[in-house]
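Notes follow once the structure below has been shown.
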Amino acid sequence: MEAPRPTAHPSVPGWLERALKDFRVLMLDQRGTGRSTPVATLKAMSPEEQAGYLACFRADSIVKDAEFIRNELGVERWSVLGQSFGGFCVLHYMSVAPGGLSEAFLTGGLPPVGAIPTRSTAPLMPGRCSAVAATTSATRPTGSGCAGCKPG
């Protein structure tokens, strides 16, 4: 999804107005979204060509784009915010180019480190946690499993 433009419109994310008080905000349209070049029609490509083309839209390519932009702007270190798939991009960013980051924010999609699933975070699809339900209490770590799983 493209990054919404910073305007005083109801569709603008709620965090943007607050962020603008402390940050200069650059909203990146990830490859293939928004105002970037759209993903081409894949029908005319072979499976190998499709795989090669779509590899350009992975988190590693998006991080390279962001690092290119940061360097072009002459910014030594910056803060990044990842929402949804952007959260995975931020995690990759922290792994491959931590020197370009002063801080990283993640919203949605990733639970806190060490989080134990609860009813609010448990899988919504029945049978989704069958592997956890199939373990015995002797092999299952204390507190593991979703709220729908019964101790073995």
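The values are calculated or read from the model by the stated rules, or taken from the named source; none is laboratory data. As the structure is a prediction and not an experimental result, all values here were calculated from the model. Virtual Cβ from ideal backbone geometry, glycine too; neighbours counted across all protein chains shown. What goes into the accessible areas is simple: the full protein's heavy atoms, side chains included, and nothing from ligands, DNA or RNA. Shrake-Rupley method; radii C 1.70, N 1.55, O 1.52, S 1.80 Å.
Let me know the volume per residue of the alpha-carbon convex hull for the range 20-114, in Å³.
Taking only Cα atoms, the range 20-114 has a hull volume of 139 Å³ per residue.
Tell me the label-point distance for the pair Lys43, Phe57, using the 7 Å Cα-to-Cβ offset, in nm and rounded to one decimal.
If labels sit at Lys43 and Phe57, their model points lie 1.6 nm apart.
Run through the range 39-83 and list the GluC sites (Glu not before Pro) located in a DSSP loop whose Cβ has at most 13 other Cβ atoms within 10 Å.
Glu76
Between Val75 and Leu101, 0.36 nm times their residue separation minus their Cα-Cα distance comes to what?
Result for the pair: 8.4 nm of gain on full extension.
So, for the range 35-97, what is the accessible surface per residue at a probe of 1.4 Å, expressed in square angstrom?
66 Å²
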